[in-house]
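Have a look at the structure below before the remarks.
The values are calculated or read from the model by the stated rules, or taken from the named source; none is laboratory data. Just so it is clear, the structure is predicted and the values come from calculations on it, not from any experiment. Here the Cβ positions follow ideal geometry from the backbone for every residue, glycine too, while neighbour counts run over all protein chains shown. Heads up: the accessible areas ignore ligands, DNA and RNA and are worked out on the full protein's heavy atoms, side chains in. Shrake-Rupley method; radii C 1.70, N 1.55, O 1.52, S 1.80 Å.
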Amino acid sequence: MIHSLFLINCSGDIFLEKHWKSVVSQSVCDYFFEAQEKAIDVENVPPVISTPHHYLISIYRDKIFFVSVIQTEVPPLFVIEFLHRVADTFQDYFGECSETAIKDNVVIVYELLEEMLDNGFPLATESNILKELIKPPTILRSVVNSITGSSNVGDTLPTGQLSNIPWRRAGVKYTNNEAYFDVVEEIDAIIDKSGSTVFAEIQGVIDSCIKLSGMPDLSLSFMNPRLLDDVSFHPCIRFKRWESERVLSFIPPDGNFRLISYRVSSQNLVAIPVYVKHMISFKENTSSGRFDVTIGPKQNMGKTVEGVVMTVHMPKAVLNMNLTATQGSYTFDPVTKVLTWDVGKITPQKLPNLKGIVNLQSGAPKPEENPSLNIQFKIQQLAISGLKVNRLDMYGEKYKPFKGVKYITKAGKFQVRT
């Protein structure tokens, strides 16, 4: 199935490669580099590239391309999911999935890849099993290993692999028993010139951090579970219980994991938390134009909109911009023609505004179309879909755990047409 894996940074350097069957030459990545050159943005590189003898299936995570080489036809989503598991495992082991972290822990990276894939087929991808097989790096362990010559690979088979609950190891003990859930929602939206919604969708996940002793059996219920479409579950969830009662019943893995991911695609359920007033115009036969943008909160249930950043890809004819911001700071890159306005937090009493003059190249024709505004923002303690956790019950253990739920709404691909 998966023949080889290449890790490529943003500069186009292959800094790590792993082969499970025969060695595939690095020259196979030339097809990937060609596709990367054609794509305007890193996110627009096609995830599946067909070559005369191979398929290249890739993902982009944390400024790294994970490019797998396939020789036979396989379901692409199967490979993409595995590559995300690899990136998540690196994140879990090293605290970050960066080029530096991977190079610093290259031995553990190869050990992990050897365990996660056996002759090209996924074997152990659960974090709990991997941590018993290959111990995560610590400074003390690194020193001991360098002196004694021992390795991070465990001597015994993981306890999870011997049970019918492979995602949880046996004999877990904690002095403080805690269960935390983060409900994180991203809004993807396109707003047209008049301010009405062309497209809106919410992509949500529930990330969990469970530190509970023994073998607890949890039930998580929601106030309004019917909101959720297209739900994707962690293997620990009992699907029949969800189908009949809309309750998440599961024996949790130990530590951090993604419980579910979901979508809310019904347009009338998607509230747009910010509005943008804009006036961008380029005059005919003159080398200037006007730029005036105001951002304000809307349908945010009394919560503060923060971390607001606006990026605009200006037309190629733009030389520079003389603007005044009532809040935050702006930068304009005359080479890439990208305007970035870092607004910060929005206060409804004084709305942030950015306005001024746009200077065009003399003699250049008037730009045919106005640029789109891309908005980033964050709202703490709000799930914009209205999803609310009702209660968490625990069975099978006698202690009372500490429970916590946090809600965050963020902008995904949020675009305003002008």
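Restricting attention to the stretch 250-284, which residues are open to solvent by less than 20 Å² (accessible area, probe 1.4 Å), under 24 Å from Val343 (Cα atoms) and assigned to a strand (DSSP E or B)?
Val274, Ile280
Can you name every residue in the stretch 24-42 that is free of Cβ contacts under 8 Å to residues at least 24 places away in the same chain and part of a helix (DSSP H, G or I)? Break it down stepwise before answering.
Taking the stretch 24-42 and keeping what is free of Cβ contacts under 8 Å to residues at least 24 places away in the same chain, we get 25-27, 30, 33-35, 37-41.
The answer is Gln26, Ser27, Asp30, Phe33, Glu34, Ala35, Glu37, Lys38.
Would you be able to tell me the number of residues in the stretch 189-220 that are open to solvent by less than 20 Å² (accessible area, probe 1.4 Å), within 25 Å of the chain's Cα centre (by Cα) and over 14 Å from Asn177 (Cα atoms)?
Total satisfying the criteria: 7.
Taking the stretch 54-87 only, how many residues are free of Cβ contacts under 8 Å to residues at least 24 places away in the same chain and farther than 16 Å from Ile8 by Cβ?
Of all residues in the stretch 54-87, those free of Cβ contacts under 8 Å to residues at least 24 places away in the same chain come to 55, 60, 73, 75, 77-78, 81.
Cutting the leftovers down to farther than 16 Å from Ile8 by Cβ gives us 55, 73, 75, 77-78, 81.
The number of residues fulfilling the criteria is 6.
So in the stretch 172-196, with the set limited to residues that are among the small types (Gly, Ala, Ser) and touching a residue at least 40 places away in the same chain (Cβ under 8 Å), which one is farthest from Ser372 (Cα to Cα)?
Applying the first criterion (among the small types (Gly, Ala, Ser)) to the stretch 172-196 yields 179, 189, 194-196.
Subsequent filtering for residues that are touching a residue at least 40 places away in the same chain (Cβ under 8 Å) retains 179, 189, 195.
Values: Ala179: 42, Ala189: 12, Gly195: 13 Å.
In this case the residue turns out to be Ala179.
If you take the residues of the stretch 285-332 that are β-branched (Val, Ile, Thr), open to solvent by less than 50 Å² (accessible area, probe 1.4 Å) and at pLDDT 90 or above, which of them is farthest from Thr418 (Cα to Cα)?
As a first pass, look at the stretch 285-332 and keep what is β-branched (Val, Ile, Thr): 286, 293-295, 304-305, 308-309, 311-312, 318, 324, 326, 331.
After this cut, where a residue has to be open to solvent by less than 50 Å² (accessible area, probe 1.4 Å) as well, the list is 293-295, 305, 308-309, 311-312, 318.
Applying the additional criterion that residues be at pLDDT 90 or above yields 293-295, 305, 308-309, 311-312.
Details: Val293: 10, Thr294: 13, Ile295: 13, Val305: 22, Val308: 19, Val309: 17, Thr311: 13, Val312: 11 Å.
By that ranking, first place goes to Val305.
Just one of the numbered conditions (1) over 22 Å from the mean Cα position of the chain (by Cα); (2) not assigned by the TED database to the domain that holds Lys193 is not true of Gly396; which one?
(2)
Which residue is surrounded by the fewest Cβ atoms within 10 Å (Cβ to Cβ), if the candidates are limited to the stretch 43-53 and must be polar (S, T, N, Q) and free of Cβ contacts under 8 Å to residues at least 12 places away in the same chain?
So in the stretch 43-53, the residues polar (S, T, N, Q) come out as 44, 50-51.
In the following step, the residues that additionally are free of Cβ contacts under 8 Å to residues at least 12 places away in the same chain were identified as 44, 50.
Values: Asn44: 11, Ser50: 9.
Here the residue is Ser50.
Tally time: how many residues in the stretch 177-188 are open to solvent by less than 50 Å² (accessible area, probe 1.4 Å) and of a type in the set (Phe, Trp, Tyr)?
1
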